[in-house]
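Enquirer: Before I ask anything, here is the structure I am working with.
Only the coordinates and a few stated rules stand behind these numbers; no lab work does. Keep in mind the model is a prediction, meaning the values are calculated, not measured. Cβ sites come from the backbone with ideal geometry, for glycine too, and all protein chains shown count toward neighbours.
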Amino acid sequence: MKEILQELERRREVARLGGGQVRIDAQHARGKLTARERIDIFLDEGSFEEFDMFVEHRSTDFGMDKSKIAGDGVVTGWGTINGRTVFIFAKDFTVFGGSLSEAHAEKITKIQDMALKNRAPIIGIYDAGGARIQEGVAALGGYAEVFQRNVLASGVIPQISIIMGPCAGGDVYSPAMTDFIFMVRDTSYMFVTGPDVVKTVTNETVTSEQLGGASVHTTKSSIADAAYDNDVDTLLQVRRLVDFLPQSNTAAVPEIECYQSVTEPDNSLDTLIPANANKPYDIKELILKIADEGDFFEIQESFAKNIVCGFGRIEGATVGFVANQPMVLAGVLDSDASRKAARFVRFCDCFNIPIVTFVDVPGFLPGTAQEYGGLIKHGAKLLFAYAEATVPKLTVITRKAFGGAYDVMASKHLRGDLNYAWPTAQIAVMGAKGAVEIIFRKDIADPEKIVAHTKMYEDRFLSPFVAAERGYIDEVIMPRSTRRRLAQGLRMLRNKDLTNPWKKHDNIPL
Ligand code: HXC
């Protein structure tokens, strides 16, 4: 009996070594952890339960029958993050470069099925060379099985991808269909085809970093939601994100103890808006003062900075913040900002996370670059996302809400539940200068008349009161009371019950 038990232990030890000590050392020398080390850091201590440790590939071509390694390049299982169940798979680069064989794919799809059946988030850690070249179409089929499950799980359980090494081919398409992608600076890359293929096909010479490094995907392509300095930091940040998320689309939003008063006024907010309406201020200052303990997890911080999106908590429960950023392009809505926020709003709506929107927007960005780039369709994405969302929607207009952007930013007309404005709000079709130049064009040569018209326009329209007179704004509130108002509103909206008409799915302008 003792020998049998020892044999299990021996087999486990061999499996845990993956591709062997030399390859583990090489992994460390590159500043990367191994798949098992990553899982250990990511999950609560001792909570990991491994699946399929002894699975091996079944291919025989190219001498592969003589080269089998237990686990076949991916470590799978489940564990907990601060006590809540998550499912996980981590590619093991030390085994055939983490490449995907038929058996490797079966390990992943088993975990995907478990996660979906048991309604818990799934996290994939990537460090891999794509389809196992020796397996050919069996590997391609394996990827498609993974992709199909990504799609079925989308909107049902949170799916998160962490890129911690090279990722090519199939290993980028599966992450692309998940909710969030995180990368590690300098050691992770994502591309459909690598630099060598690029050189052959397009004759461009690029490095892996230039083609698909974290800097590219967090600032240019917007494929990645954030990047961090090393494996450990990245894993700890994603743990932080998981704490904000519900287990599934039918689970309640997680709640933790809240230490910051929601009733105490924050007088500093009364002076947040500068006296000059064209002077910028940092909208993140407002978010940090509204979120419990200033704890804010920002999504796509380095992309389309004219809009800020991320998770925080109010009175202990998760909310999604969306806010125009006057510090960047005066907070204007352009194609990138619209796409970024639309995706975030849709994520919140999938998972019943209330949305708090802070509005200070001069409108949509004019110009040929935007129009040729499809601003109409991209702007419509955000409009569509807000209009479709049935979660509690609370909106505070801090300053400008001009033109179509007023409508789009969770206005009353798009089923906003609570629409507040600060006394500094200006709600109008456009700013005074543009408006006067159009409706008083005949007086343009007379500066005195223009000044008088401008004053009249500002007095009448550049305030929250015209909108409040119509009930488009539920209440004009003191800035200092914003946290209390939002907390009370969120409490009132806890039992909100609103559903859209039945449909197979919508046809959002993609
Ligand atoms: C089998 C692979 C492999 C693969 C790497 N290895 N990729 N084995 N199939 N796809 C093995 C190597 O043979 C090597 O084995 C070990 O992994 C480490 O690889 P190295 O090349 O030594 O490492 P490195 O120099 O760091 O380069 C890593 C890499 C490179 C950038 C990932 O290996 C690479 O370019 N691989 C091929 C990537 C690719 O084109 N994949 C196919 C994509 S198409 P030893 O034994 O020496 O340690 C695809 C189709 C799906 O995925 C599409 C669905 C839409």
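Enquirer: Enter the Cα centre distance for the pair segment 209-287 and segment 440-475, rounded to the nearest angstrom.
Expert: One Cα centre to the other: 36 Å.
Enquirer: OK, next. Pop out the Kirkwood hydrodynamic radius of segment 174-299 from its pairwise C-alpha distances, inverse of mean 1/r, in Å to one decimal.
Expert: Evaluated over segment 174-299, this radius sits at 18.3 Å.
Enquirer: Report the calculated FRET efficiency for THR80 and ASP196 (r = Cβ-Cβ distance, R0 = 35 Å), to the nearest 0.05.
Expert: For THR80 and ASP196, the calculated efficiency is 0.25.
Enquirer: Another one. How long, wide and thick is segment 43-200, going by the Cα atoms along their three principal axes, in whole angstroms, largest first?
Expert: Over segment 43-200, Cα extents along the principal axes are 45, 34, 28 Å.
Enquirer: Additional query: For the pair ALA252/LYS442, report the inter-label distance in nm, with labels modelled 7 Å from Cα in the Cβ direction.
Expert: Modelled inter-label distance: 6.5 nm.
Enquirer: Between GLU9 and SER215, take the C-beta separation as r, use R0 = 51 Å, and let me know the FRET efficiency to the nearest 0.05.
Expert: 0.70
Enquirer: Next question. Could you tell me, in Å, what Rg and Dmax come out for the Cα atoms of the chain?
Expert: Spelled out, the Cα radius of gyration and Dmax of the chain are 26.0, 103 Å.
Enquirer: Indicate the helices, whole DSSP H runs only, in the chain that combine a mean Kyte-Doolittle hydropathy of -1.0 or more with a Cα extent along their long axis of 20 angstrom or more.
Expert: 102-117, 137-153, 231-244, 335-350, 447-461
Enquirer: Among SER188, GLY73, ILE427, which residue has its Cα positioned farthest towards the positive end of the charge dipole of the chain, with +1 placed on the Cβ of Lys and Arg, -1 on the Cβ of Asp and Glu, and the dipole taken about the Cα centre?
Expert: Most positive-ward Cα: ILE427.
Enquirer: A further question follows. Just how large is the dipole of segment 1-140 about the Cα centre, in debye to the nearest 20, putting +1 at every Lys and Arg Cβ and -1 at every Asp and Glu Cβ?
Expert: In total the dipole reaches around 200 debye.
Enquirer: Let's test the formula: R0 of 60 Å, r as the Cβ-Cβ distance of THR271 and MET53. What FRET efficiency results, to the nearest 0.05?
Expert: Rounded to the nearest 0.05, the efficiency is 0.50.
Enquirer: Under a plain spin-label model, where a point goes 7 Å from the Cα along Cα-to-Cβ, how far apart in nm are GLU264 and ASP229?
Expert: Taking the two extended label points, one gets 3.2 nm.
Enquirer: What distance in nm separates the two pseudo spin-label positions at ARG119 and ASP282, each 7 Å out from Cα along the beta-carbon direction?
Expert: Result for the modelled spin labels: 4.1 nm.
Enquirer: What shape does segment 307-382 take by its C-alpha gyration tensor, where a ≥ b ≥ c are the square roots of the eigenvalues and a/c under 1.5 counts as rounded, a/b above b/c as prolate, and the rest as oblate?
Expert: Because a/c hits 1.5 or more and a/b fails to exceed b/c, segment 307-382 counts as oblate.
Enquirer: Expressed in nm to one decimal, what extension gain is obtained for the pair THR207 and ILE508 from 0.36 nm per residue of sequence separation less their Cα-Cα distance?
Expert: 104.8 nm
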